[in-house]
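Asks: Starting off with a structure, shown below.
Values in this text are rule-based calculations from the coordinates and carry no lab data. Model, not experiment: these values are computed from the prediction. Cβ atoms come from the backbone with ideal geometry, glycine included; neighbour counts cover every protein chain shown.
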């Protein structure tokens, strides 16, 4: 049994381009439906929303059929948006490469599976992760971390994220928590054991934690 694994949130932690992708696909879908476009600020506020909830919120409807129709349009435009917009920072890839030599890695994300698969394939980083956790009905991030610890057969974990949910879920599962403080999301990841500003600092802190717990 491995002593430690490192669990990463995805949006806002490893990848910073989801607001731009959401802005692109939402406005494409709205234009197709003859509706007014949204602002980048509204697109940013949709990050982390369940896709069907995002559709209902933007269209101001509780009608499942209308929301599903809009969702299908968003999904159709997503591969195009990923191809045009998505980029990953070289320092992030370097961090994953380095840390993967010292502990098993996994993604613990609320994102949809198809979205994660598109990005992981484009960035060619799937091989760094022993497991990729995506949104599943009935699982919040607290439950997801517990499940990942079982799947990875580990005693302890480092949870790395950018939101309050990441910190709280990590602490609920006795993880060491690392929060990246950036301008991507709500900047509400308060109370983590360690705070970093970028992927270089993230690499240094994770290696320090692993070394201290050998």
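Asks: Taking the beta-carbon count within 10 Å as an exposure proxy, list 135, 197 from fewest neighbours to most.
Replies: 197, 135
Asks: Also: To make sure I understand, if each residue's beta carbon is the centre and we count other beta carbons within 10 Å, what order do 134, 101 fall in, fewest to most?
Replies: Lowest count first: 101, 134.
Asks: To continue, here is another question. Over the chain, what is the relative contact order in percent, taking alpha-carbon pairs closer than 8 angstrom and at least six residues apart?
Replies: This gives 25 percent for the chain.
Asks: Let me ask something else. Using the alpha-carbon centroid of each, what span in Å lies between the range 185-214 and the range 104-124?
Replies: Here the answer is 20 Å between Cα centres.
Asks: Along its three principal axes, how long is the chain when you only count alpha carbons? Whole Å, largest extent first please.
Replies: Cα extents, longest axis first: 59, 34, 29 Å.
Asks: Roughly what % antiparallel, to the nearest 5, for the DSSP beta bridges in the chain?
Replies: Counting DSSP beta bridges with both partners in the chain, the antiparallel share is about 0 percent.
Asks: If R₀ is 25 angstrom, what is the calculated FRET efficiency for the pair residue 143 and residue 57, using the beta carbon separation as r and rounding to 0.05?
Replies: 0.55
Asks: Subtracting the Cα-Cα distance from 0.36 nm times the residue separation, let me have the gained length for residue 174 to residue 131 in nm, one decimal.
Replies: The span from residue 174 to residue 131 would gain 13.5 nm if fully extended.
Asks: Pop a pseudo-label 7 angstrom from the Cα along the beta-carbon direction at both residue 100 and residue 66 and give the gap in nm to one decimal.
Replies: Going from the residue 100 label point to the residue 66 one covers 4.5 nm.
Asks: So for 150, 78, fewest C-beta neighbours within 10 Å to most, what's the order?
Replies: The order, fewest Cβ neighbours first, is 150, 78.
Asks: Taking the Cα atoms only, what angle lies between the long axis of helix 113-123 and the longest principal axis of the chain, rounded to 10 degrees?
Replies: Roughly 70 degrees between the two axes.
Asks: Could you grab the relative contact order for the range 18-85? Cα pairs under 8 Å, six or more apart, rounded to a whole percent.
Replies: 39
Asks: Given the -39500 (n - 2.57) contribution per DSSP H run of 4+ residues, what per-residue ellipticity at 222 nm results for the chain, rounded to the nearest 500 deg cm²/dmol?
Replies: -15500 deg cm²/dmol
Asks: Okay, next question. As I understand it, the value is the acute angle between the Cα axis of helix 90-99 and the longest principal axis of the Cα atoms of the chain; what does it come to in degrees, rounded to 10?
Replies: The angle comes out near 40 degrees.
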